[in-house]
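Peer 1: Provided herewith is a single structure, encoded as structure tokens, for subsequent inquiry.
The values are calculated or read from the model by the stated rules, or taken from the named source; none is laboratory data. Note that the coordinates shown come from a computational prediction; the quantities given were computed from them, not determined experimentally. For neighbour counting, all protein chains shown are included, and Cβ atoms are generated from backbone atoms with ideal geometry for every residue, glycine included.
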Amino acid sequence: MAAASSEITGITARFRDRRLVPLAYGVSALAVWLGWVMTRSHTLVDPQQGLGYWLGIVGASLMAVLLLYPLRKRIRLMRVLGPTRHWFRIHMVFGVLGPVLILYHCNFQFGSTNSNVALICTLLVAASGLVGRYFHAKLHSSLDGHKTTLTELAQRARITAEQKTWAAALVPTLMERMTCFDRLVMTPPASLSASLLLPLKLAWLTRIEYIRLTWLTRRQLQIQALRSRVVEAERIRLQAVMARFIKQHLRRVRRVAELASFERLFSLWHIFHLPFFYMLVVTALLHVLAVHMY
């Protein structure tokens with residue numbers, strides 16, 4: 001029951017994020033594009049005073065708040081601040097909104113050496129954060145930090161005895177074909193390059209296999225419809241049911257096959273993301289000091 005509840009919660013959170021996160025990213029991308037176009041003809045703000053100054057302060061403050069998410073995960077005393085999933089959403093939103101404000105602060109232009117380094121670090125953190133968010137979604141069943149395990153995924157991907165029975169009755173060769181495909185994609189990647197290419201490879205293989213299996217199912221049902229009036233009357237519905245069954249199974253098997261690859265990529269992502277963030281903190285502090293001292 002607990003596993004089922006966790007899966008339902010994860011599905012609900014992912015469904016909500018599929019609507020909200022692309023909308024937030026789309027609005028941010030539009031804001032960046034509009035700012036870039038407008039600053040080509042004239043300067044929008046003065047970075048050293050007024051609105052331009054406060055855009056920099058607010059943007060830098062939002063980037064500083066990003067520290068609260070990893071601290072909330074690791075420090076028990078911070079549990080009183082609310083669930084981790086809310087902080088993760090804040091982390092994602094501020095990680096995009098902060099760089100957008102900073103781009104407006106600098107009028108989408110380079111300035112002094114110190115400010116250039118701070119700007120580049122900000123953009124690197126934002127870009128790597130988007131990549132990390134993708135890896136996080138692949139490895140976690142929900143936004144509360146619950147990491148999906150191979151056992152959980154394998155359990156969801158396992159075909160039950162009942163499913164095997166009716167699938168074999170309708171399409172005798174289907175289970176054999178699906179078992180062969182499962183063995184093919186379950187082979188773990190041997191190198192880093194293979195891990196990087198595995199998601200694309202699996203996306204291509206599962207789509208091709210889905211087409212092959214649904215075509216096989218349609219053909220077998222057409223043959224059986226010639227022998228049975230019951231199958232002939234229900235053939236369209238049976239095709240839809242079988243197609244849905246094949247699609248769900250291939251999707252789950254793909255997640256199982258991808259898990260080890262994404263775990264490896266996520267660990268490598270941390271190696272690059274954290275130094276960028278530390279560089280951002282140092283260069284931002286130096287930039288603020290330089291602006292106010294000189």
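Peer 1: Could you tell me which residue of the range 93-117 is modelled with the lowest pLDDT, considering only residues that are among the small types (G, A, S) and part of a helix (DSSP H, G or I)?
Peer 2: Result: S115.
Peer 1: Still on this structure: Can you name every residue in the range 201-244 that is surrounded by 15 or more Cβ atoms within 10 Å (Cβ to Cβ) and over 32 Å from the mean Cα position of the chain (by Cα)?
Peer 2: Across the range 201-244, the qualifying residues are L216, T217, R218, Q220, L221, Q224, A225, V231, R235, L238.
Peer 1: Within the range 54-82, track down each residue that is free of Cβ contacts under 8 Å to residues at least 40 places away in the same chain and either in contact with an Asp or Glu (Cβ under 9 Å, 6 or more places away or on another chain) or of a type in the set (D, E, K, R) (or both).
Peer 2: R72, R74, R76, R79
Peer 1: For the list (1) surrounded by 14 or more Cβ atoms within 10 Å (Cβ to Cβ); (2) without any contact (Cβ under 8 Å) to a residue 60 or more places away in the chain, I need the number of the one condition that R85 fails.
Peer 2: Among (1) surrounded by 14 or more Cβ atoms within 10 Å (Cβ to Cβ); (2) without any contact (Cβ under 8 Å) to a residue 60 or more places away in the chain, R85 violates only (2).
Peer 1: Here's a follow-up. Quick check: anything in the range 78-93 more than 28 Å from F266 (Cβ to Cβ), touching a helix residue (DSSP H, G or I) at 6+ places or on another chain (Cβ under 8 Å), assigned by TED's automatic domain parsing to the domain that holds F272 and hydroxyl-bearing (S, T, Y)?
Peer 2: no
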